[in-house]
Amino acid sequence: MGAYDTEIDGIAVAERAALVREIDADGAWAGDPVWREAFAEVPRHLFVPYYYVAGRGGYERRWGESPDPAARERWVRGAYEDVPLATRLRDGELLSSSSQPSLMARMLVALRVEDGDRVLEVGAGTGYNAALLAHRLGDDDLVTTIDLEPEITESARQHLAAAGHRPPVVTGDGARGVPERAPFDRIIATCALPTVPRAWLAQCRPGARVLTPLATGLLALTVRDAEHAEGRFLPSAAFFVPLRGEGRAEPEEVSLTGLPARAREQEPFRFLLALTRGALDPLQAHALWEREGEPDRGRYGVTVDGEHAWAWLDDPGGPHRWALP
């Protein structure tokens, strides 16, 4: 190990401790403090050997192997900022990122992991989230992570090994789950989906918990059996790279023409627009939003019943329901 490696490691320890204090102060893991130790122990910089920072002239690449000591220091300090880090670009398009650590902490707490749980993570990314789960559970074999891109899974596997973890890393379509590793007690997705994949429910034990980004929120479902699940959205917003897969297209942008400026700027209203895409036009969505007292994300939920799935406001059987794919 060179002298600069020792210096970088020292900076990493200090910066990681500072990140943990910052997340602590935010109260992110108040509901399950066991995650504090995972974030304190798992070295995020090993999972982002390089990343991209947006600037005025495009993206700046920060790299841990840079010959410039000042550049290496910028890299390691940036790795412990409480921000998402762009890790893969293709023709200027973001393909993969390392999520904001405080959001990861909130999601992991909301997943309600218990000792001995078998967990499927959809969206391997850098492997950092899988490492946090493996550390928490104390058994790499209880964690399975999947991603579509072979380059992503291979680098995630390398990062995990560098951090001392070897959970199964699968290359494939996350919407199909990983049946050969089922049954699961928890499923967590770190990419946005248009609906709840039915394959996930079939791979869950009864009573399992599924946490997935949907629209611009985080949906927490309780699985009743292979065909039934229900749950509500968490209060916080969440923006993730869409799940990629065969035949999966990007949703078209919704036109906000004719809507009051105030509504266009309100995150809860934009969430309703995303959730009801194809079922309500923007003017109908705005009328409902005003009539129902400008509901926040926590008042919405999703029910899956066999081949049918629908989003709802306040009550799964109430008057405000919209079909999901």
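The values are calculated or read from the model by the stated rules, or taken from the named source; none is laboratory data. Here the structure is a predicted model, which is why all the values come from computation and not from measurement. Positions of Cβ are backbone-derived with ideal geometry, glycine not excepted, and every protein chain shown enters the neighbour counts. Note: areas computed on protein heavy atoms with side chains; ligands, DNA, RNA excluded. Shrake-Rupley method; radii C 1.70, N 1.55, O 1.52, S 1.80 Å.
Against the definition (open to solvent by 10 Å² or more (accessible area, probe 1.4 Å), over 18 Å from the mean Cα position of the chain (by Cα), at pLDDT 95 or above and aromatic (Phe, Trp, Tyr)), how does TRP312 come out, yes or no? Let's see the steps before the verdict.
Working: open to solvent by 10 Å² or more (accessible area, probe 1.4 Å): no; over 18 Å from the mean Cα position of the chain (by Cα): yes; at pLDDT 95 or above: yes; aromatic (Phe, Trp, Tyr): yes.
So TRP312 fails the test.
Quick one: which strands (runs of 3 or more DSSP E) lie wholly within the range 74-170 and hold at least 3 residues that are surrounded by fewer than 23 Cβ atoms within 10 Å (Cβ to Cβ)? Full working, then the answer.
Numbers: elements: 85-90, 93-98, 119-122, 143-147.
Output list reads 85-90, 93-98.
Close Cβ contacts (under 8 Å, 6 or more residues apart or on different chains) running from residues in the range 53-75 that are farther than 25 Å from GLY92 by Cβ and touching a residue at least 24 places away in the same chain (Cβ under 8 Å) to residues that are of a type in the set (Gly, Ala, Ser) and surrounded by 15 or more Cβ atoms within 10 Å (Cβ to Cβ) comprise ARG72/GLY64; ARG72/SER66. May I ask you to list the residues in the range 197-233 that are of a type in the set (S, T, N, Q) and in contact with a Gly (Cβ under 6 Å, 6 or more places away or on another chain)? Of everything in the range 197-233, those that are of a type in the set (S, T, N, Q) and in contact with a Gly (Cβ under 6 Å, 6 or more places away or on another chain) turn out to be GLN203, THR222.
Tell me which residues, restricted to the range 18-39, are hydrophobic (A, V, I, L, M, F, W, C) and either in contact with a Gly (Cβ under 6 Å, 6 or more places away or on another chain) or open to solvent by 40 Å² or more (accessible area, probe 1.4 Å) (or both).
Restricting attention to the range 18-39, the residues satisfying the condition of being hydrophobic (A, V, I, L, M, F, W, C) are 18-20, 23, 25, 28-30, 34-35, 38-39.
Within the range 18-39, ALA25, ALA30, VAL34 meet the criteria.
Screening VAL113, VAL109 for residues that are touching a residue at least 40 places away in the same chain (Cβ under 8 Å), among the β-branched types (Val, Ile, Thr), closer than 13 Å to TRP35 by Cβ and in contact with a strand residue (DSSP E or B) (Cβ under 7 Å, 6 or more places away or on another chain) leaves exactly one candidate, VAL113. Taking the range 179-213 as the range and being in contact with a Leu (Cβ under 6 Å, 6 or more places away or on another chain), open to solvent by less than 20 Å² (accessible area, probe 1.4 Å) and either under 19 Å from LEU132 (Cβ atoms) or modelled with pLDDT of 95 or more (or both) as the test, the residues that pass are PHE184, ILE187, ILE188, CYS191, VAL210, LEU211, THR212.
TRP63 falls short of the stated requirement of being of a type outside the set (Val, Ile, Thr), under 26 Å from LEU234 (Cα atoms) and surrounded by 13 or more Cβ atoms within 10 Å (Cβ to Cβ).
Any residue at all in the range 196-216 that is in a loop (DSSP other than H, G, I, E, B) and under 24 Å from GLY116 (Cα atoms)? Checked the range 196-216: at least one residue is in a loop (DSSP other than H, G, I, E, B) and under 24 Å from GLY116 (Cα atoms).
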